[in-house]
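Scroll down for the structure; my scribbles are underneath it.
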Amino acid sequence: MSEVETPSNFIQNKIDQELKSAKFTVHTRFPPEPNGHLHIGHAKSICLNFGLANQFSGICNLRFDDTNPNKEDMKYVKAIQEDIKWLGFDWGNQIFYASDYFNQLFEFAIQLINKGKAYVDDLTPEQIREYRGTLSEPGENSPYRDRTVEENLVLFQKMKAGEFAEGKKVLRAKIDMSLGNLNMRDPVLYRILKATHHRTGNKWCIYPMYDFTHGQSDSIEKITHSLCTLEFEDHRPLYNWFLDELEIYHPQQIEFARLSLNYTILSKRKLLQLVEEGHVGDWDDPRMPTLSGMRRRGYPPEAIREFCERIGISKSNSTVDFALLEHCVRENLNQTATRVMAVLRPLKVVLMNYPEGQVEEMDAVNNPEDPDAGTRKMPFSRIVYIEQEDFMEDPPKKFFRLGPGREVRLKHAYVIKCEEVIKNELGEIVELRCTYDPETRSGSTQDGRKVKGTLHWISADHAHKAEVRLYSHLFKHANPGDEKECPDLKATLNPDSLEIIEEALLEPSLKNAKGSYQFLRLGYFCVDSQKSSYGSQVFNRIVTLRDTWAKIIKK
RNA sequence: UGGGGCGUCGUCAAGUGGCUAAGACACAGGAUUUUGAUUCCUGCAUUCGGAGGUUCGAGUCCUCCCGCCCCAGCCA
């Protein structure tokens, strides 16, 4: 990976400063809700939290914020753990669940009731909303706000005992209905949910709200720096209120901007919609910005980590260019991927002067970036296939690939010259008759003449066939997540985000392909872990190569 | 007309009163190249949302203004 210095960010600087005046162990946490799969936005948070802990020789907990049994599932906690491990982080024994704290949280609630700082409310959800007031007008006190401590205690115990139906009662904090910060207008602490929790089963029928759970969980775990996204900035006064009233350890919360990436959406709700409506295969569809999708697509975890380093941490809402992610992926793969040849859209080339039945084994370099990667043999024979777009019957001046009467080099093989173009009755080019120059074996000319173009190719008799899937952005719109610019997500779906080439021609060495490769001049590809089976391979295009020629012809 | 944030190059982003406002991506040129890849050079903010002010000195401090984002779930 490149030696770009990791930029400083305001959180890191702050910790640096704090460490100058006090000795303590930095303790962070990554707190996902197990209600969906992790995506690249979570990777930013994971890299920040685990990264800071690593950097300052501290600790980072993995904690599942599992306070809503209706949405959460064990399958997600499993998937999340896999994704974090794959990304390259290790929580050791530091794995926790907010549900582990349900007893403690219940006690906290009792404490607040005893202090006269919480009450049981009988208002319906609709009434609570009405009483809350609006952004510019204060709210009104609930008529149940002044119940006695004793009454509240009895009622809350009855809630816990399951004596009330869902929605009939809630426990609320007693703060101030006139505060400008809506979170402080007597927020709900506990609600009745007669649901089976994936970890606590049917032990509880009342569940704490996130706001009543998160800050205290951080406190219980002695988190020093609770890092979260900007939208929780105005929840901080509430968390502080709980911590102060409960007189427990006080972590400091620091907010940073969540990641936005152009041409993609990072909203769990919308991602779920794509899956449920069948616009993608599943959460791990290679076009998805999920970690499982990127893993299957072939993005190296190192590249994602590098990306997270480079985008930095700040408090300004910003949208990162997808090209930066792709740059990181290419940068990594360029160093590591074995070069091979594959022809996606074959055009038959017959070498008229090449002996029929002859086969030569050409030496091919595995990775010019890595001398230790060695070479392999590639069979060459009279009939080869080249890429259709590498031939033009009437080429523009700057085109230096094959054309009538032109010479071009077949990589690692010979220089060939196009003598004749064969067409079918529809006028389509179906075959090229060429001659090869026997003096140019392995590709270099003896007479010093310059051959500018170099093409990839596959020997017809030795071609290995496989399916290849080409991906591009899922959305046509640059900001599909912006509801104003793009109210109808479905309308902006890119119909060409997946192109399947059922029978691409690959060099025979790919029969036992594993991992990632560079298909010369085409891009980086990897074996799809889901769709490949014994005897039938599917390759995913991870990312194209940079293509300046494509830019030239676009103009 | 409530509360909380944010505004530095096309996109991210350093910068915490003092040398010519880092770096990356993108973009544009050029060199090398048996991948139009890689690599390597070069260019790319006389100016930090705007206007005043403080100061010998301001992107950094003060005042006012403008713009953008978030909050009215018994979601997280």
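The values are calculated or read from the model by the stated rules, or taken from the named source; none is laboratory data. Small disclaimer: the values here were computed from a predicted structure and weren't measured. Glycine also receives a Cβ, built like all others from the backbone with ideal geometry; neighbour counts cover every protein chain displayed. Calculation scope for accessible area: heavy atoms of the full protein, side chains included, ligands and nucleic acids excluded. Shrake-Rupley method; radii C 1.70, N 1.55, O 1.52, S 1.80 Å.
Worth pointing out:
- Exactly one residue out of A:Tyr207, A:Tyr249 is within 24 Å of A:Gly116 (Cβ to Cβ), open to solvent by 10 Å² or more (accessible area, probe 1.4 Å) and more than 28 Å from the chain's Cα centre (by Cα), and it is A:Tyr249.
- Here A:Asp437 passes the criteria (1) modelled with pLDDT of 95 or more; (2) within 12 Å of RNA strand B (Cβ to nearest atom); (3) under 45 Å from the mean Cα position of the chain (by Cα) except the one numbered (3).
Yes/no matrix, rows are residues, columns are (1) open to solvent by less than 30 Å² (accessible area, probe 1.4 Å); (2) under 23 Å from A:His473 (Cβ atoms):
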residue	(1), (2)
A:Ala504	yes, yes
A:Leu510	yes, no
A:Phe525	yes, yes
A:Asp528	yes, yes
A:Val538	yes, yes
A:Val543	yes, yes
A:Trp549	no, yes
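- Applying a threshold of 6 Å to beta carbon distances and a minimum spacing of six or more residues, or different chains, the list of pairs starting in region A:532-549 at a residue that is on the phi < 0 side of the Ramachandran plot and ending at one that is hydroxyl-bearing (Ser, Thr, Tyr) reads A:Val538/A:Ser532; A:Arg541/A:Tyr471; A:Ile542/A:Tyr524; A:Val543/A:Tyr524.
- Any hit, region A:471-488, residues being in a helix (DSSP H, G or I) and at pLDDT below 95: no
- Matching strands (runs of 3 or more DSSP E) fully within region A:206-279 where at least 2 residues are over 30 Å from A:Lys168 (Cβ atoms) and touching a residue at least 24 places away in the same chain (Cβ under 8 Å): A:225-229, A:252-256
So that you can scan it fast, the table gives a plain yes or no per residue for (1) more than 28 Å from A:Glu502 (Cα to Cα); (2) assigned by TED's automatic domain parsing to the domain that holds A:Cys47; (3) of a type in the set (D, E, K, R):
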| residue | (1), (2), (3) |
| --- | --- |
| A:Lys315 | yes, no, yes |
| A:Arg330 | no, no, yes |
| A:Asn334 | no, no, no |
| A:Leu347 | no, no, no |
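- Matching residues in region A:523-551 - criterion: being among the aliphatic types (A, V, I, L, M), within 14 Å of RNA strand B (Cβ to nearest atom) and either under 23 Å from the mean Cα position of the chain (by Cα) or not assigned by TED's automatic domain parsing to the domain that holds A:Gly281 (or both): A:Ile542, A:Val543, A:Leu545
- Residue within region A:289-307 that is outside any loop (DSSP other than H, G, I, E, B), more than 16 Å from the chain's Cα centre (by Cα), closer than 30 Å to A:Asn93 by Cα and free of Cβ contacts under 8 Å to residues at least 40 places away in the same chain present: no
- Count of region A:383-424 residues which are in contact with a His (Cβ under 8 Å, 6 or more places away or on another chain) and either at positive phi or β-branched (Val, Ile, Thr) (or both): 1
- Scan of region A:4-50 for residues that are over 23 Å from A:Asn68 (Cα atoms) and in a loop (DSSP other than H, G, I, E, B), ordered by number: A:Val4, A:Glu5, A:Thr6, A:Pro7, A:Ser8, A:Asn9, A:Ala22, A:Lys23, A:Phe24, A:Thr25, A:Val26
- Of all residues in region A:383-410, those that are open to solvent by 30 Å² or more (accessible area, probe 1.4 Å) and either within 21 Å of A:Ala463 (Cα to Cα) or not assigned by TED's automatic domain parsing to the domain that holds A:Glu431 (or both) total 5.
- Residue under evaluation A:Ile500, criteria (1) under 23 Å from the mean Cα position of the chain (by Cα); (2) in a loop (DSSP other than H, G, I, E, B), criterion not met: (2)
- Condition met for A:Lys348 (in a strand (DSSP E or B) and surrounded by fewer than 21 Cβ atoms within 10 Å (Cβ to Cβ)): yes
- Just one of the listed residues (A:Gly51, A:Gly58) is away from RNA strand B (no atom under 16 Å from the Cβ), of a type in the set (Gly, Ala, Ser) and open to solvent by 10 Å² or more (accessible area, probe 1.4 Å), namely A:Gly58.
- Scan of region A:94-146 for residues that are among the basic types (Lys, Arg) and more than 15 Å from RNA strand B (Cβ to nearest atom), ordered by number: A:Lys115, A:Lys117
- Look at (1) within 18 Å of A:Asp547 (Cα to Cα); (2) not in a loop (DSSP other than H, G, I, E, B) and you find that A:Val384 fails only one, number (1).
- Selection status of A:Asp321, open to solvent by 60 Å² or more (accessible area, probe 1.4 Å) and more than 8 Å from RNA strand B (Cβ to nearest atom): no
- Among the residues of region A:415-456, those identified as open to solvent by less than 70 Å² (accessible area, probe 1.4 Å), within 21 Å of A:Leu522 (Cβ to Cβ) and part of a loop (DSSP other than H, G, I, E, B) are A:Val451, A:Gly453, A:His456.
- Region A:426-444 residues that are more than 16 Å from A:Asn353 (Cα to Cα) and hydroxyl-bearing (Ser, Thr, Tyr), paired with ones that are within 13 Å of RNA strand B (Cβ to nearest atom) and open to solvent by 40 Å² or more (accessible area, probe 1.4 Å) (beta carbon under 8 Å, 6 or more apart): A:Ser442/A:Asp363
- Residue check, A:Asp363 without any contact (Cβ under 8 Å) to a residue 24 or more places away in the chain and more than 8 Å from RNA strand B (Cβ to nearest atom): no
- Filtered by the rule that a residue be assigned to a helix (DSSP H, G or I) and loosely packed, with under 14 Cβ neighbours inside 10 Å, region A:112-143 gives A:Asn114, A:Pro125, A:Glu126, A:Gln127, A:Arg129, A:Glu130.
- Filter result for A:Glu369 (under 21 Å from A:Glu507 (Cβ atoms) and either part of a strand (DSSP E or B) or free of Cβ contacts under 8 Å to residues at least 40 places away in the same chain (or both)): yes
- Subset of region A:259-309 [touching a strand residue (DSSP E or B) at 6+ places or on another chain (Cβ under 9 Å), among the charged types (D, E, K, R) and at pLDDT 95 or above]: A:Asp284, A:Asp285, A:Arg287, A:Arg296, A:Arg297
- For region A:340-357, the condition holds for no residue, the condition being that it is near RNA strand B (Cβ under 7 Å from one of its atoms) and either out of contact with any Cys (no Cβ under 7 Å at 6 or more places or on another chain) or closer than 30 Å to A:Phe10 by Cα (or both).
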